[in-house]
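To start, the structure under review is shown below, and the notes come after it.
The values are calculated or read from the model by the stated rules, or taken from the named source; none is laboratory data. Remember, it's a predicted structure, so these values are computed and weren't measured experimentally. All Cβ positions, glycine included, derive from the backbone under ideal geometry; neighbour counts span all protein chains shown. These accessible areas exclude ligands, DNA and RNA; they are computed on the full protein's heavy atoms, side chains included. Shrake-Rupley method; radii C 1.70, N 1.55, O 1.52, S 1.80 Å.
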Amino acid sequence: MKSFDYVRASGIADAQDTAGRIIAGGTNLIDLMKHQIETPPKLVDVTRLEMTEIEQSAHSLRIGALVTNSDLAAHDTVRRDYPVLSRALLAGASGQLRNKATTGGNLLQRTRCPYFYDTTQPCNKRAPGSGCPAKEGINRILAVLGTSPNCIATHPSDMAVAMRALDARVEIESPNRGTEMLTLDEMYVLPGDDPSKETVLEAGDLITAVHLPQPPKGKQTYRKVRDRSSYAFALVSVAGIVDVEDGKITEAALAFGGLAPRPWRDGAVEDVLVGEAPSDALFDKAADVLLQDAQGFGENDFKIPLARRTLKAVLAELTGVTQ
Amino acid sequence: MTEHLKMDQVQPHLLDETGQGVLSVPMPRPEGPLKVTGRAPYAAEYKAEGMATGVMVRAAITKGTYAVDTASVEDMPGYLGVFTDKMVRNAAQGTMGTNPAQMGDKILYLGQPIAVVVAETFEQARDIAAVLKVDYTEDDDAVCDFDGVSDWPDSDKPDQGDLDQAMSDATFTVDSMYTTKPHNSAAMEPHAALAEWDGDKLTLHGSLQMLGYNRDEVADSLGIDAKNVRLLAPYVGGGFGSKLGMSPDCVGAAVAAKALGRPVRVVLSRNNVFEMIVLRTATRQRLRLAADKDGKLLGLGQENWQSNLPDEPMAEPVDLATHFLYGGENRRYGQHVAILNRPASGSVRAPGEAVGMLALENAMDELAEKSGIDPIELRLRNIPEKHPETGVQYSARSLAEALTEGAKAFGWDKRQKAGTRREGEWYIGMGVASAARTNILMESRANVTLNPDGTALVQTDMTDIGTGTYAILGQIAAEMLGLDPQKVTVELGDTDLPKSSGSGGSWGAASAGSSVFLGAKAIRRKLAERLGCDVEALRLQDGVATGGNNRRPLAELMDAPITEEGHIEPGQTDEDFHQAGYGAHFAEVAVNAVTGEVRVRRMLAAMAAGRILNHQTATSQVWGGQIWGIGTALTEAIEHDPRTGHVVNNDLAEYHVPVNLDVGDLEVMFIDERDDASSPIQAKGIGELGLSGAGAAVTNAIYNACGVRVYDYPATPDRIFPHLP
Ligand SMILES: Cc1cc2nc3c(=O)[nH]c(=O)nc-3n(C[C@H](O)[C@H](O)[C@H](O)COP(=O)(O)OP(=O)(O)OC[C@H]3O[C@@H](n4cnc5c(N)ncnc54)[C@H](O)[C@@H]3O)c2cc1C
Ligand code: SF4
């Protein structure tokens, strides 16, 4: 581990330190520092800031950036009105990690691509321009949507997938741009030419909260397919919110984990569903749209049919159609 | 005095006559409270005055040569030195007793230890290791994957009869290819060494399973006399084969400590453990079974392909149990070991059976399905009378009892036809597999001391790697000497104590246990003399000796401690009998109809391993075996990059051992047995028996649940769902 400076932020201004790196729960950043994948010269500890509250207003739920994954999952309002989020959180990591992991940190955790984690290996994300050994290597857990020739890593978060389905907005305090509210699609960028850049955030930008709009209508669920029953990242996950009235789907929000470099949401999939009567054939059509541009890289080809099966099962569960 | 026994003849059941009643009962491990309160120090937890810290440097290329540029780091804070001298390529193989390959400047796999960096603190050493400039010259002829092997070496295993003919004569045949991925032992405690020199004498705290051999390996690697090496490993946090042989941290710490003139501690990182320590080879296995119309085997074949580094004296004995488990005249084996540029292969719990029994017992399940014979009945019909290849008689062998009594306890009669039981989204099925594991007795010594105050001391260099050695050795001494086990102190894990068998091959309990038994037996003889009775008439209970017409407390018979050494050696019974532990594994699984995810609902193991010395520790061993079975069946796989051999998932986040939720209800039952040929205590090994066949019961249950046959392990969802409707 490289030596580094440590400061404890006592106000938002301290945290907006362009020379520093924010540390919250540390469950991802410290691992990365031990392996010298990240070598920040200075850590800014934000854990004493007042960002630990969950506040409910008429129109939204404001989740402080320091709310732990455990607390958020157990929060009464979240369990009642946003069960997709509660389930997603509980499907992630382990009890010990969730006690430490924060809302802001979870959003910005980095990929679990194994080549990214080993500094003896090339990796465009860690060492831009060095190449991507995963594409023709061991890529079983990597992405089939939204990839670029330079990187096929997935975003590992479960929480963010549920938040994407819930139309969450991230509140950011930027030293340059002031206060911003970004959707997850606005915050995360696809790998393109520079996979080392994962979000639009700049040095010194502080995530202060995540806002959830009013609870959506309909049923919600989160389904995660993984290699063991707990403590494994998603092969495929689906966050689904679907409302059915008078035999027709009136609203649908679907987001996917394990498939792409960011929590994946594709409005065209929802368009297929809305206004139609739920049926197995309709679900297949939705899956066709979701996966039309999907590209596997050998070992991860299976994710494409697995995503179809999982999506269909989620839709069947939420609409009450028996498959 | 030494009480010596060469196991040339079957022995009387003395332990059934002693009356203390503290053996063959459940007893918690006496060191348990120390471990859970942090008072049982592991190797990395020792501190020495003036200690420095070393970190291993791993090769960043697959094949070639290297030179370290020490000047690149000499000015860094805390720097003490970079050492490459005597570096070993990988851990030693079990019972090797000599140095592992020392390669000079050559690299044969990515991750090979190439230097140890030493600094004042761990953080500094780690930083220096990351920055250290290493000049590599790469060779371009590395071969890292089975598919890249152009010439598989021939096998020299002899055939018996004509399997091809048997296959064409048979009513039912199976001819299947199975593959298994490499496995890591994944012991909780990573390997660690603290080396201290006093002149020519080296004292090393290590994390090791077999101290007698390890001492020779350390000495040979360093080029010094073994008499000058003392190893200490009183507590070891799991081994599973990974600590049979001395590991590179021992040499790194010793070389650096000598050069710096101060103690040096080296702890392997988890990533290092995945590369520098032996792992279980990947295998390909071709299984052939030929059976007549009644399911009786006319022949069987098991051919395997695997890999290692050059000059490693170990190949995975894939067909170990296949030789003796089932009958059939015509038999064929083949073993092909390719040289690959990947980390060394070696012993991981139940070498051979752990993967060989997956394929054999899956093939038996295929045969049952084809012939329409119940899988248990099929196995019963194929239990041979004598060893089908050597004609030697078997010692105690309760395979049939394990299968039938296990089936009853498990509710096997509720098993349905494949693919017919469904609960909501889940297919439900049951599977069975036999278990077998060759029994081995090893030479072992122990000192037993009885004190006039009714306490006793057992001393041997045996290790307890979490298995319960402290418990059972204390129980054996207590039973023999008529004491409460609380009054017996057991000292282990120090090469200054009498040399034992070490922990490995499931032989520890019976071997070290027999040496304690013999030492205590000699003490009994002395007490009988003093009491004036025949030793056969002596009864020792609760600190009181009775015999003839006398009854005296120990204190009256003794004015000084009595110490006797027990010394057991294998002998003729090893030739006269084929000895093995047997059993049956049962599993009930649920397979998700959408995703192919598998959940093991419950497992039952019926085990026969001679005298069970402690039902609690034995049950724990079998639980561990069942859980390993779940891991091998469903989750565990090392992924090597086919281009570089690199262990891609070199940590416990991505190398998936089962978590709690993967493990359903586990039940263990023991078939009461004494194996007269095995040892004077009639016990056999159990630690690896619990794993043998366990994974096959799970995959056979998957087939029964949903009709999908697993040929490529592990059965992750992607290997199941494509075959579901
Ligand atoms: C073995 C293992 C298994 C796991 N399994 C899962 C899983 O199955 N599903 C899942 O979703 N996650 C999983 N995780 C990841 C875990 O959820 C994340 O590590 C955790 O959420 C990160 O939160 P943290 O507070 O510890 O972040 P930190 O490690 O402190 O920070 C992570 C990043 O976020 C930045 N950051 C933190 N807070 C802020 C802020 N307020 N403003 C701006 N930047 C900030 C940091 O600078 C850093 O770059 C796993 C982790 C491990 C180690
Ligand atoms: S997929 Fe991305 S993170 Fe993985 S090796 Fe390629 S560039 Fe690096």
TODO: Divide by every residue of the protein assembly as shown the summed helix terms, -39500 (n - 2.57) for each DSSP H run of at least 4, and state the resulting mean residue ellipticity at 222 nm, rounded to the nearest 500 deg cm²/dmol.
DONE: -7000 deg cm²/dmol
TODO: With only Lys, Arg, Asp and Glu charged, each at its Cβ (+1 for the first two, -1 for the last two), find how big the charge dipole of region A:219-319 is about the Cα centre; round to the nearest 20 debye.
DONE: 540 debye
Open item on the list: Could you compute the longest span of chain B free of trypsin sites (Lys or Arg not before Pro) located in DSSP loops and having at most 12 other Cβ atoms within 10 Å, not counting the site residues?
Closed with: B:418-725
Open item on the list: What does the structure give for A:111-121 when I average, per residue, the other chain Cβ atoms found within 10 Å of the residue Cβ?
Closed with: 5
Open item on the list: Could you compute the net charge surrounding B:Gly466? Neighbours are other residues with a C-beta less than 14 Å from the C-beta of B:Gly466; K and R count +1, D and E count -1.
Closed with: +1
Open item on the list: Multiplying the sequence separation of B:Arg552 and B:Thr2 by 0.36 nm and subtracting their Cα-Cα distance, what value in nm do you get?
Closed with: 195.4 nm
Task: Accessible area per residue in Å² at 1.4 Å probe, computed on region A:219-319 - done: 34 Å²
TODO: Give a quick list of GluC sites (Glu not before Pro) in region B:353-460 that DSSP marks as loop, anything other than H, G, I, E or B, with at most 11 other Cβ atoms within 10 Å.
DONE: B:Glu385
- [ ] Treating only the Cβ atoms of Lys and Arg (+1) and Asp and Glu (-1) as charged, compute the dipole magnitude of the protein assembly as shown about its Cα centre; round to the nearest 20 debye.
- [x] 1480 debye
Task: Amide H within-cut-off set for B:Gln112, under 5 Å, with H built and near neighbours excluded - done: B:Ala59
Open item on the list: Considering only protein heavy atoms and a probe of 1.4 Å, how much of the accessible area of region B:473-574 is carbon and sulfur, as a whole percent?
Closed with: 40 percent
- [ ] List, in order, the whole-Hz ³J(HN,Hα) value for each residue of region A:44-50 obtained from phi through the Karplus relation with A = 6.51, B = -1.76, C = 1.60 and θ = phi - 60°; use x for Gly and Pro.
- [x] 10, 7, 9, 5, 8, 6, 7
Task: Mean accessible surface per residue for region A:1-122, computed with a 1.4 Å probe while every protein chain stays in place, in Å² - done: 46 Å²
Open item on the list: Give me the residues in region B:594-614 whose solvent-accessible area, probe 1.4 Å, is reduced by at least 20 Å² once all protein chains are included instead of the chain isolated.
Closed with: B:Val594, B:Thr595, B:Glu597, B:Arg599
Open item on the list: Tell me which of A:Ala277, B:Val392, B:Thr179 sits at the most positive position along the dipole axis of the protein assembly as shown, charges placed on C-beta atoms (Lys, Arg +1; Asp, Glu -1).
Closed with: A:Ala277
Task: Whole-number accessible area per residue in Å² for chain B, which is evaluated in the context of all protein chains at 1.4 Å - done: 34 Å²
Task: Peptide-level mean, for A:305-313, of C-beta atoms on other protein chains within 10 Å - done: 3
Open item on the list: Checking an interface number: how much accessible area is buried between B and A, summed over both chains, with a 1.4 Å probe, in Å² rounded to 100?
Closed with: 3100 Å²
Task: Residues in region B:125-143 that, when all protein chains are in place, have 50 Å² or more less accessible area than the chain alone would give (probe 1.4 Å) - done: B:Arg126, B:Asp127
TODO: Let me know the charge dipole size of region A:1-135 about its Cα centre in debye, to the nearest 20, where only the beta-carbon of Lys, Arg (+1) and Asp, Glu (-1) is charged.
DONE: 540 debye
- [ ] Specify which residue in the list A:Gly240, A:Ala286, A:Gly298 is farthest towards the positive end of the charge dipole of region A:219-319, using unit charges on the beta carbon of Lys, Arg (+1) and Asp, Glu (-1), about the Cα centre.
- [x] A:Gly298
Open item on the list: How large a share of the accessible area of region B:64-180, in percent, is made up of carbon and sulfur atoms when the probe is 1.4 Å and the other protein chains stay in place?
Closed with: 44 percent
Open item on the list: What does the charge count around B:Ala119 come to, taking other residues whose C-beta lies under 15 Å from its C-beta (Lys +1, Arg +1, Asp -1, Glu -1)?
Closed with: -1
Task: Computed lengthening from B:Thr563 to B:Asp75, 0.36 nm per intervening residue step minus Cα-Cα distance - done: 170.0 nm
Task: Sorted peptide list for B:173-181, B:313-321, B:7-15, A:111-119, criterion being average Cβ within 10 angstrom, highest first - done: A:111-119, B:313-321, B:173-181, B:7-15
Open item on the list: I want to verify a result. In a Gaussian network model of chain A, Cα cutoff 10 Å, which of these has the top mean-square fluctuation: A:Leu212, A:Leu282, A:Leu311?
Closed with: A:Leu282
TODO: Tell me which residues come under 5 Å, amide H to amide H, from A:Arg8 once H is placed; ignore anything under 5 positions away on its chain.
DONE: A:Asp45
Open item on the list: In whole percent, and with a 1.4 Å probe on the protein chains, what portion of the accessible area of region A:219-319 is carbon and sulfur?
Closed with: 44 percent
- [ ] Using Cα centres only, tell me the gap between region B:204-233 and region B:322-349 in whole Å.
- [x] 30 Å
Open item on the list: What is the sum of charges, Lys and Arg at +1 and Asp and Glu at -1, for the other residues whose Cβ falls under 15 Å from the Cβ of B:Leu300?
Closed with: -4
